[in-house]
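Some notes on the structure that comes next.
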Amino acid sequence: MYASYFGLKHAPFSIAPDPHYLFMSERHREALAHLLYGLEGGGGFVLLTGEIGAGKTTVCRCFLEQIPPNCNVAYIFNPKLTVRELLQAICDEFHVPVPAGAQTVKDYLDPLNAFLLAQHAAGRNNVLIIDEAQNLSADVLEQLRLLTNLETATRKLLQVVLIGQPELRGMLARPELEQLAQRVVARFHLGALSEAETAQYIEHRMKVAGLTGPLPLDHAALRWVHRLTRGVPRRINLLCDRALLGAYAGSQAKVTPAIVRQAAAEVFDAPAASPGRGLPRLGPRLAVLSAVVLVGAGLTWAVQTQSPAGRKQAASSAALLAATLSVPASAAASSVPAAASAAAPPASAASSAPSPERPVAELLQLADWTPSDAAAWAALAERWGLPLAPNEVKPCDAAALQGLQCYRSVSGSLSLIRLMDRPVLLTLQRPGQAPALAALVGLDGQELTLWVEGRPRRLALAELASAWRGEFSTLWRAPPGYAERSANAGPLREWLAGQLDALNRRAVPASAPVAAASAAVPGWAELSPRIQAFQASQGLQPDGRVGPITLMQLNRAAGVDEPRLAPAR
């Protein structure tokens with residue numbers, strides 16, 4: 001109802017776990033890093049807990065996107081099952097055939113064990129993810145522990161990821177489950193967002209929904225949102241959705257603290273704001289507004305045209321609505337200008353919308369376009385200021401002369417590209433045609449932007465899925481000593497230590513003491529834990545290895561001048 005009023009394409013605060021609105025705070029990145037680290041831990045249990053609405057499912061979906069292709073995944077989202085029902089569900093998820101008429105636990109265990117052994121022999125790992133795991137009974141948890149008894153000399157054949165609410169930690173602390181608790185190789189409790197992260201979360205969701213102007217919540221309103229929601233993402237969604245609706249109902253371009261407090265009173269069933277600090281309850285006014293919207297196309301047209309006849313018709317309809325809904329006539333009349341103003345965005349939203357002269361990327365259909373590798377490389381090179389000869393056959397060699405490196409991945413994802421936040425070349429493979437490169441220069445919620453024949457063209461994510469299998473290439477700026485790291489790693493280690501020290505100083509408050517940097521170049525043993533901590537903070541696997549992705553993220557965090565992705569518009 002309020003989306004167009006604020007210059008949005010979609011409602012930004014749905015409580016559905018839409019991956020397009022994925023926001024990875026520092027805590028979410030660390031939670032993801034623990035899950036990925038546990039995946040490499042040789043089997044056993046990985047535990048992720050968090051408050052209701054903290055974003056556990058969001059982290060789980062991101063985790064599923066990054067699971068290596070050599071892993072079989074079984075996902076159980078309703079674990080209120082008996083032991084036999086759980087084993088049946090696991091066999092179904094892994095596509096394990098069981099004997100006809102299977103009735104006993106052994107009927108399911110034997111084929112499952114045979115399956116796990118066969119997959120291990122084929123070089124594949126097996127991951128069982130159980131959501132809402134606080135609903136598991138003690139006997140089911142014990143059966144899961146027994147499942148992990150199947151192992152080789154080096155690793156267990158089944159990795160179990162338990163995701164649940166805080167009471168799951170209490171369950172595993174019981175004496176009868178001590179054996180299971182000792183098999184947890186990684187655990188993380190997902191806390192709420194900080195005040196700064198709450199503001200970033202709100203801004204992120206509104207920009208994905210299409211916001212191009214300033215945020216329609218002032219600083220005081222953002223502080224109230226955090227205070228009333230305690231930084232829980234689902235509560236933030238509920239409160240912001242109602243607050244924006246309240247601002248729309250009151251024809252206000254900004255959400256004020258008073259609107260936030262009144263919205264909280266309605267959404268969370270809290271006591272209404274005290275007189276003088278809050279607003280009248282939005283309920284009657286919203287009822288009138290909803291009725292105005294539902295009156296039909298004739299009233300909408302009359303209000304939008306703002307002709308004398310239209311205003312007369314709108315006033316008449318408002319009087320009729322007031323009588324029908326038993327609302328004071330003044331409240332009904334006040335809803336007419338609110339509906340009229342909904343036809344045109346507020347000044348802040350209108351000023352930020354593209355002007356008629358501003359070029360807007362046109363929608364692209366892959367079937368109507370023949371990609372060109374040379375054109376794609378030219379578009380990427382232009383963003384890096386890289387001089388590239390027409391039809392250059394070895395663009396990576398030309399990049400190396402300018403201190404740039406080529407990076408190529410055959411198993412990437414849009415989540416990884418979002419994380420890297422840099423233009424890339426996608427390898428498209430369409431039926432009956434040779435692979436071809438396309439320059440991706442923008443990425444947003446439902447769309448991405450390709451650079452086609454010298455101009456931006458929008459492409460729906462669903463359209464991309466038919467032609468892209470995860471292969472992409474990009475450029476990045478290598479640090480000093482990277483190319484010669486096998487012969488002399490000193491310059492690279494010195495650069496890494498300097499960048500990590502700078503990031504540490506930036507993260508520590510000005511009043512806090514900062515340890516002085518050592519004059520000696522640190523060794524890899526000293527740097528490795530610091531690199532792992534940085535990787536975890538970026539949502540990368542904390543393996544301590546200094547690869548291109550880690551260095552790209554370090555460049556980005558340090559503010560190295562490199563091209564970034566633009567919004568999909």
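Worth a mention:
- Members of segment 85-98 found to be closer than 18 Å to A133 by Cβ and charged (D, E, K, R), listed by number: E85, E93
- Restricting the first member to segment 167-189 and to residues that are open to solvent by less than 30 Å² (accessible area, probe 1.4 Å), and the second to residues that are acidic (D, E), the beta-carbon pairs closer than 8 Å and six or more apart or on different chains are L177/E142; L180/E142.
- Failed condition for C62, given (1) open to solvent by less than 20 Å² (accessible area, probe 1.4 Å); (2) within 19 Å of E203 (Cβ to Cβ); (3) not basic (K, R): (2)
- Enumeration of residues in segment 355-378 that are in a loop (DSSP other than H, G, I, E, B), open to solvent by less than 90 Å² (accessible area, probe 1.4 Å) and modelled with pLDDT of 65 or more: L364, Q365, W369, P371, S372
- Top-ranked residue of segment 398-429 - restricted to ones that are over 24 Å from the mean Cα position of the chain (by Cα) and open to solvent by 30 Å² or more (accessible area, probe 1.4 Å), ranked as modelled with the highest pLDDT: C406
- Scanning segment 421-449 for residues that are under 19 Å from L363 (Cα atoms) and among the acidic types (D, E) yields D444, E447.
- Residue match in segment 140-159 (condition: touching a helix residue (DSSP H, G or I) at 6+ places or on another chain (Cβ under 9 Å), open to solvent by less than 10 Å² (accessible area, probe 1.4 Å) and within 25 Å of L22 (Cβ to Cβ)): yes
- Residue in segment 70-87 that is open to solvent by 10 Å² or more (accessible area, probe 1.4 Å) and without any contact (Cβ under 8 Å) to a residue 24 or more places away in the chain present: yes
The values are calculated or read from the model by the stated rules, or taken from the named source; none is laboratory data. Predicted model only: the values in this text are computed from it and were never measured. A quick note on method: Cβ atoms are made from the backbone with ideal geometry, for glycine too, and the neighbour counts reach across all protein chains shown. Remember, those area values only see protein heavy atoms, side chains included, never the ligands or the DNA or RNA. Shrake-Rupley method; radii C 1.70, N 1.55, O 1.52, S 1.80 Å.
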